[in-house]
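> This is the structure I have questions about; it appears just below.
The values are calculated or read from the model by the stated rules, or taken from the named source; none is laboratory data. These numbers come from a predicted model, not from an experiment. Counting neighbours? That spans all protein chains shown, and the Cβs are built from the backbone with ideal geometry, glycine included. Just the protein is used for accessible areas: all its heavy atoms, side chains included, with ligands, DNA and RNA removed. Shrake-Rupley method; radii C 1.70, N 1.55, O 1.52, S 1.80 Å.
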Amino acid sequence: MDQDEALTTVDNIVTQFNTYEDFLDSQITTLDLYYLEDEGLARQLVELGYRGTGEVVKREDFEARKAAIEIARLAERTQKKTLTSAGKDLHDNFLKALAAREEDNRSGKVSVSAFHSEIKNVYLKGTLSVIFIRDKNSRGQEVSGYIDYAHRLKTEDFEVYFSGKKRLLPRPTDMSFYNWDSHIAVWNSTPNYQVIADNPEGLLFKYKRDRKILNVDPKAQPGDNSTRSPIITELYTQAVIFDHVSRRKT
């Protein structure tokens, strides 16, 4: 049985039984209890693979997978309650692109990507986005910068952006900010990214979870597990979204 089949088997068992003991009991026959005369011993033999009528699943595998599924379920329920883009009539491509990524960036969109019974590891995949915007601020000054979308979602209400009351613009507190009129340049690391500003080839961001490098130079490849998506928009002079997918071991 390969890894995918093993994961599917464990999933089916975990969703069918509330506890590991319930699973063990389902493998015990009346004849087993008759000869063994001990329910605890019968469960131990099933757990070790000596008795039973189905697949052998270790306790730690059952409990780890049960916990991972519960985390994913709770994350999905929370995300559905907090999406500020939900129900909005979005016409511009930029706002549509942000809405499509909101759920992922609010919590990294927890999903199990790998499972192995011997090493007892569950891997969670997460997607985060970096937004580049260049346009004029309220003073008519041209500004540009890179925004950690996930961090901004956690620190402010995006209702004003999705409803069209305000435009999302880079700030001096974002990952990077540059005012083309005053020539003020600012860089800030965030909970998700470390800024590498002294690179001779240009600005780089290191994703703290998997330590992968994001290269925002349009002439270069963005990096491992990263994509660059220019957005055609009527709201800004220029807008680009970089998406990065990482794996985290629990």
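> Determine how large the accessible area of Glu60 is when every protein chain is in place; take a 1.4 Å probe and give Å² rounded to the nearest 10.
About 70 Å², ignoring ligands and nucleic acids.
> Continuing with the same structure: Would you mind computing, in nm to one decimal, how far apart the modelled labels at Asp22 and Gln221 are, each placed 7 Å from Cα along Cα→Cβ?
Distance between the two pseudo-spin positions: 4.8 nm.
> I want to check the label-to-label distance for Glu159 and Asp198. Put each point 7 Å from Cα in the C-beta direction and report it in nm to one decimal.
Label-label distance for Glu159 and Asp198, simple model: 4.4 nm.
> Pairs Lys136/Lys206; Lys165/Lys206; Lys154/Lys206; Lys66/Lys154; Lys88/Lys208; Lys96/Lys154: which are spaced more than 23 Å apart, C-alpha to C-alpha?
Pairs exceeding 23 Å: Lys136/Lys206; Lys165/Lys206; Lys66/Lys154; Lys88/Lys208.
> Just subtract the alpha-carbon distance of Asn93 and Glu70 from 0.36 nm times their residue separation and send over the number in nm, one decimal.
Here the segment from Asn93 to Glu70 would lengthen by 4.9 nm.
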